[in-house]
Amino acid sequence: MNSFITIAEHTREQLLYLLEMARLFEEQPNRNLLEGKVVATLFFEPSTRTRLSFETAVNRLGGRVIGFSDASNTSTSKGESLKDTIMMVSNYADLIVMRHYLEGAARYASEVSPVPVINAGDGANQHPSQTMLDLYSILKTQGTLDNLNIHLVGDLKYGRTVHSLLQAMRHFNPTFHFIAPKELSMPEEYKLYCKEHHIKYVEHSEFDEDTIAEADIIYMTRVQRERFTDLMEYERVKDVYILRGSMLCKSKPNLRILHPLPRVNEIAYDVDDNEKAYYFQQARNGLFAREAIICNALGIGLEQIK
Ligand code: CP
């Protein structure tokens with residue numbers, strides 16, 4: 001069983017191993033490694049990139065896909081439990097890719113499932129496959145993962161992508177800058193995690209050209225409307241930080257701007273044409289990273305890809 005639930009469980013060597021697999025898949029995405037395999041994609045929350053890139057990955061590897069993108073059309077709407085859904089799907093598929101709105105749902109699914117489970121995002125908790133494509137994008141654009149200044153901007157409270165990225169980067173001596181309004185600041189548990197793992201971080205409430213002048217990576221995030229219980233609070237903070245092209249005037253030449261997407265308002269469209277904008281290429285890298293994750297979950301190693 002090789003489930004992929006949280007990035008925190010992975011060593012530096014395991015992460016670099018998966019990144020090397022992703023590099024080989026970028027060289028040649030079409031490989032007949034999953035012949036006869038069926039992968040189920042169960043999306044209890046909306047998705048564009050994660051679901052489609054996982055499904056594309058299976059197709060490019062010669063496997064087949066079953067699943068749903070809207071749980072209201074499944075027997076969940078009749079009251080079927082997550083456990084029973086997982087048990088049923090594992091009768092049909094060799095691997096389950098699941099996104100769920102509940103934190104911990106992926107861990108639970110992996111504990112009851114007879115087949116491996118890949119976490120495609122569980123509530124505000126983790127998004128480990130996103131982290132693999134983020135690491136791959138950082139490595140490609142910076143030539144290294146070590147000793148980088150990484151500025152995380154926006155919704156650091158509910159943003160599961162920044163939580164996973166923070167944990168993965170503990171192996172690479174980063175300096176994090178947390179830029180968020182106080183309502184959306186990095187949760188205490190992750191600041192404690194930084195202290196325990198000797199990860200340097202600085203907190204900011206200003207977001208301007210001086211705050212980002214030394215950044216190697218700016219990681220913008222969307223304010224996650226769906227996680228707010230108080231929509232008035234969402235309205236107050238939703239547009240608090242917007243990256244505009246003019247703010248890049250003092251930025252380093254190697255700076256790259258990442259965003260897990262979808263964006264709403266947090267990156268102005270005038271940034272898209274800047275050579276430092278990398279978010280669309282980042283999403284493309286998701287295909288290669290997810291080919292690697294799928295193969296790893298099914299016991300297909302680097303030596304079978306080379
Ligand atoms: N980055 C990401 O998870 O995008 P989707 O919600 O479209 O899958």
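Some observations on this one:
- Among the conditions (1) in a strand (DSSP E or B); (2) farther than 24 Å from Leu261 by Cα, Arg99 misses just one, which is (2).
- Residue satisfying condition, being without any contact (Cβ under 8 Å) to a residue 40 or more places away in the chain, buried (at least 16 other Cβ atoms within 10 Å of the Cβ), in contact with a strand residue (DSSP E or B) (Cβ under 8 Å, 6 or more places away or on another chain) and not hydrophobic (A, V, I, L, M, F, W, C), within set Lys276, Lys238: Lys276
- Just one of the listed residues (Val115, Val89) is assigned to a loop (DSSP other than H, G, I, E, B) and either surrounded by fewer than 19 Cβ atoms within 10 Å (Cβ to Cβ) or in contact (Cβ under 8 Å) with a residue 24 or more places away in the chain (or both), and it is Val115.
- Val223 vs. criteria outside any helix (DSSP H, G or I) and in contact with a strand residue (DSSP E or B) (Cβ under 7 Å, 6 or more places away or on another chain): no
- For the range 23-59, the set of residues classified as closer than 12 Å to Leu287 by Cβ, open to solvent by less than 40 Å² (accessible area, probe 1.4 Å), in contact (Cβ under 8 Å) with a residue 40 or more places away in the chain and within 16 Å of the ligand (Cβ to nearest atom) consists of Thr50, Ser53, Phe54, Ala57, Val58, listed by residue number.
- In the set Met88, Met98, Met132, only one residue is of a type in the set (A, V, I, L, M, F, W, C), within 15 Å of the ligand (Cβ to nearest atom) and in the same structural domain as Ala292 (by TED's automatic domain parsing); that residue is Met98.
- Qualifying residue in the range 66-74 (condition: more than 14 Å from the ligand (Cβ to nearest atom), aliphatic (A, V, I, L, M) and in contact (Cβ under 8 Å) with a residue 40 or more places away in the chain): no
The values are calculated or read from the model by the stated rules, or taken from the named source; none is laboratory data. None of these values were measured; they are calculated from a predicted model. Glycine also receives a Cβ, built like all others from the backbone with ideal geometry; neighbour counts cover every protein chain displayed. Calculation scope for accessible area: heavy atoms of the full protein, side chains included, ligands and nucleic acids excluded. Shrake-Rupley method; radii C 1.70, N 1.55, O 1.52, S 1.80 Å.
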